[in-house]
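The values are calculated or read from the model by the stated rules, or taken from the named source; none is laboratory data. Being a predicted model, the structure only gives us computed values, none of them experimental. Positions of Cβ are generated from backbone atoms using ideal geometry, with glycine treated the same way; all protein chains shown enter the neighbour counts. For accessibility, only protein heavy atoms count, side chains too; no ligands or nucleic acids. Shrake-Rupley method; radii C 1.70, N 1.55, O 1.52, S 1.80 Å.
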2 protein chains.
Amino acid sequence: MVTTRLDLDRIRAAREVIDPIFLDTPLYQPDALGRELGCAVSVKLETANPVRSFKGRGTELVASELAAQGRTAAVCASAGNLGQALAWSGRRRGIDVTVVASRGAPAAKLERIRALGAELELVDGDFEMARARAVDIADERGVRRVEDSLDIETCEGAATIGLELASDASSVDTVLIALGGGAMATGVGYVLKTLSPGVEVICVQPHGAPAMTRSWHERRVVTTDSYDTIADGVAGRYPIPEVLDDLLQVADDAVLVHEASIVTGMRLLLERAGLVVEPSAALGVAAILEDRDRFAGRHVATIVCGSNVDLDAYHRWVGA
Amino acid sequence: MVTTRLDLDRIRAAREVIDPIFLDTPLYQPDALGRELGCAVSVKLETANPVRSFKGRGTELVASELAAQGRTAAVCASAGNLGQALAWSGRRRGIDVTVVASRGAPAAKLERIRALGAELELVDGDFEMARARAVDIADERGVRRVEDSLDIETCEGAATIGLELASDASSVDTVLIALGGGAMATGVGYVLKTLSPGVEVICVQPHGAPAMTRSWHERRVVTTDSYDTIADGVAGRYPIPEVLDDLLQVADDAVLVHEASIVTGMRLLLERAGLVVEPSAALGVAAILEDRDRFAGRHVATIVCGSNVDLDAYHRWVGA
């Protein structure tokens, strides 16, 4: 029995609350990608929705809860995808959303947060500075702060991906999950370890932003002074203790990958599967590239978690 | 009552035969695309499956029928997508598939047909030459020839897209459908006109391959001596009389678009929705671009029907 903060019944019930546009996303094998990687690769595509990432699954839960409580405002720090998703979910329920982000976040993400009608506040410094500023704003205004990975709704929303994998990916040996704050990894990992305990759960993070992975290996929170990676969606320095505790229960391994592998992963997803993805969504493919023997002949599923990328940077990276 | 060769009960039953991997595809509004085009735009994404086009819906029906009849071989002419789909559906059922294609078809399509284990025969000349050669092969070998758009399974398979649109796109005013041989247009159009008669059905074809559109307007088969378009998936010269008859029952309009609009459509789908598509899949957006006033303020759905494109050509077209 896997014991985390998450609850399987609540996760099942979440499917009734989340807009169906975020649920039952495509899961399929682009053969050409698998041939290139030497294993069967299934992609779970989380980008074909209005916010182009999986984050809507969690923000739908948060926003419906806020609406039920009669709340009319919320604030979150975001690397860019949570902010878009909260803006989308909030807009439909009359909730004013404020997003705090780093000035260095991808322009495409910032632009889409604004386009969805959210108030966007930019901070100098990295994601952790945005997190600190969101705390202040929530205190000043007395509004709910949505904290990615700490707030159980963000984990349990992401966990609905796990329900879909558990029911549709019966032949999968391993699931590769991008690791940032940990909402997706703990959510999907919890459901898999509960419903499909034989499936291996591997988290993938960049060497350039390794705090949570190091923490998982050392079984205690390890912070870093900075991060440096193109995978902006998973970059942070301060792992949340409660999330680490959960991750220790559900992950079989946590690996780090190099920037060059992330770039190659993005290129292969374009060339072999026709998918434009943001760097964080290529972490799974990067992990296969860095350890081909480990995955050879196996059936590996990877969650393509977002496609919000600045195209100029994308073209520079993939050389196309 | 709309009367065509198609049958609603058979189309509903088809959902039980078609591999779920091709069904219930994403339907969503990429806001940024709509803002650019001046109307609400929903995309029905038919590319997130193992053959990267909608054609699997029809070939699943064909192949399961062949298997039920104990047949072990089939041949088809293809611009590239039908061949991949028939190869995929046939492989799973032990059916040897031969695909006849023009030597000028996109290399990516030809390569994937081979990779799926089909026998590929290339002909000099265009798609109509491949069609003629497929007739010969079927006669020589005594095997079933699968004729796109004429064979009712190809239309009724595509028509399952219409079921999904009719149930999920209640607020849609207009559906834009790429028009080639007519399987998708008659299939989707038939279901919409039967279940959602208020939805306008508009077919879109390139000026460079206008035979079916001209035929629709003149209400008789009009052939052309040649075609010249980057939208290889919809290029043909000889409309099939039975398909034209059906199309006359279900289409409200058929419009022609210029190559430059197709290219701009592909670029906008990339820049505003993060989607890499083949030219035929951009015909709907091209139609909006060429007649913005007609669609202003309306809710338009467009079927993104395929993403099998040679990346070199793609980059050349979209300038990225």
- From A:HIS315, A:HIS258, which residue is surrounded by fewer than 17 Cβ atoms within 10 Å (Cβ to Cβ) and within 14 Å of chain B (Cβ to nearest Cβ)? A:HIS315
- Query: Given the structure, is B:THR302 touching a helix residue (DSSP H, G or I) at 6+ places or on another chain (Cβ under 8 Å) and open to solvent by 10 Å² or more (accessible area, probe 1.4 Å)?
  - Reply: no
- Evaluation of B:ASP293 against (1) touching a strand residue (DSSP E or B) at 6+ places or on another chain (Cβ under 6 Å); (2) away from chain A (no Cβ under 14 Å) (one fails), failing number: (1)
- List every residue pair whose Cβ atoms sit under 6 Å apart, with the two residues 6 or more apart in sequence or on different chains, where the first one lies in region A:302-315 and is farther than 30 Å from A:ALA169 by Cα and the second, anywhere, is part of a loop (DSSP other than H, G, I, E, B). A:ASP310/A:PRO106; A:HIS315/B:ALA320
- Please determine, by comparing only the residues of region B:160-183 that are over 21 Å from B:ASP9 (Cα atoms) and open to solvent by less than 30 Å² (accessible area, probe 1.4 Å), which one is farthest from the chain's Cα centre (by Cα). B:VAL172
- Message: Within region B:36-47, does at least one residue satisfy the condition of being farther than 24 Å from B:SER280 by Cα and out of contact with any Pro (no Cβ under 7 Å at 6 or more places or on another chain)?
- Response: no
- Item | Residue list for region A:186-214, restricted to those being in contact with a strand residue (DSSP E or B) (Cβ under 6 Å, 6 or more places away or on another chain) and either small (Gly, Ala, Ser) or at pLDDT below 95 (or both) | A:GLY189
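Given the condition more than 14 Å from every other protein chain (Cβ to nearest Cβ), in a helix (DSSP H, G or I), open to solvent by 20 Å² or more (accessible area, probe 1.4 Å) and in contact with a helix residue (DSSP H, G or I) (Cβ under 8 Å, 6 or more places away or on another chain), answer yes or no: does some residue in region B:95-112 qualify? Lay out the reasoning, then the answer.
Our first condition is that a residue be more than 14 Å from every other protein chain (Cβ to nearest Cβ); within region B:95-112, this holds for B:95-105.
Next, only the ones that are in a helix (DSSP H, G or I) stay: none.
Scanning region B:95-112, I find no residue that is more than 14 Å from every other protein chain (Cβ to nearest Cβ), in a helix (DSSP H, G or I), open to solvent by 20 Å² or more (accessible area, probe 1.4 Å) and in contact with a helix residue (DSSP H, G or I) (Cβ under 8 Å, 6 or more places away or on another chain), so the answer is no.
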- When every residue in region B:1-34 that is open to solvent by 30 Å² or more (accessible area, probe 1.4 Å) and within 7 Å of another protein chain (Cβ to nearest Cβ) is compared, the one nearest to A:THR47 (Cα to Cα) is B:GLN29
- Task: Could you tell me which of the residues B:GLY58, B:GLY38, B:GLY80 is of a type outside the set (S, T, N, Q), more than 14 Å from every other protein chain (Cβ to nearest Cβ) and crowded, with 19+ Cβ neighbours inside 10 Å?
- Result: B:GLY58
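Being in contact with a Gly (Cβ under 6 Å, 6 or more places away or on another chain) and either more than 19 Å from A:THR154 (Cα to Cα) or in the same structural domain as A:ALA169 (by TED's automatic domain parsing) (or both): is that true of A:ALA260 here?
Numbers: in contact with a Gly (Cβ under 6 Å, 6 or more places away or on another chain): no; either more than 19 Å from A:THR154 (Cα to Cα) or in the same structural domain as A:ALA169 (by TED's automatic domain parsing) (or both): yes.
In short, no.
Taking the condition among the acidic types (Asp, Glu) and open to solvent by less than 60 Å² (accessible area, probe 1.4 Å), does B:ASP245 pass?
Values: among the acidic types (Asp, Glu): yes; open to solvent by less than 60 Å² (accessible area, probe 1.4 Å): no.
It is false that B:ASP245 is among the acidic types (Asp, Glu) and open to solvent by less than 60 Å² (accessible area, probe 1.4 Å).
Which residues, taken from region B:83-94, are surrounded by 24 or more Cβ atoms within 10 Å (Cβ to Cβ) and either of a type in the set (S, T, N, Q) or within 14 Å of chain A (Cβ to nearest Cβ) (or both)? I'd like the intermediate steps shown before the answer.
If we filter region B:83-94 for residues that are surrounded by 24 or more Cβ atoms within 10 Å (Cβ to Cβ), which is where we start, we get B:83-90.
Scanning region B:83-94 gives B:GLN84, B:ALA85, B:ALA87, B:TRP88, B:SER89.
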- Query: Is it fair to say A:GLU128 is assigned to a helix (DSSP H, G or I), in contact (Cβ under 8 Å) with a residue 12 or more places away in the chain, surrounded by fewer than 21 Cβ atoms within 10 Å (Cβ to Cβ) and not assigned by TED's automatic domain parsing to the domain that holds A:LEU86?
  - Reply: no
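Test A:LEU66 against the stated conditions and say whether it is closer than 27 Å to A:ALA166 by Cβ, more than 14 Å from every other protein chain (Cβ to nearest Cβ) and part of a helix (DSSP H, G or I).
Numbers: closer than 27 Å to A:ALA166 by Cβ: no; more than 14 Å from every other protein chain (Cβ to nearest Cβ): yes; part of a helix (DSSP H, G or I): yes.
No: the conditions fail for A:LEU66.
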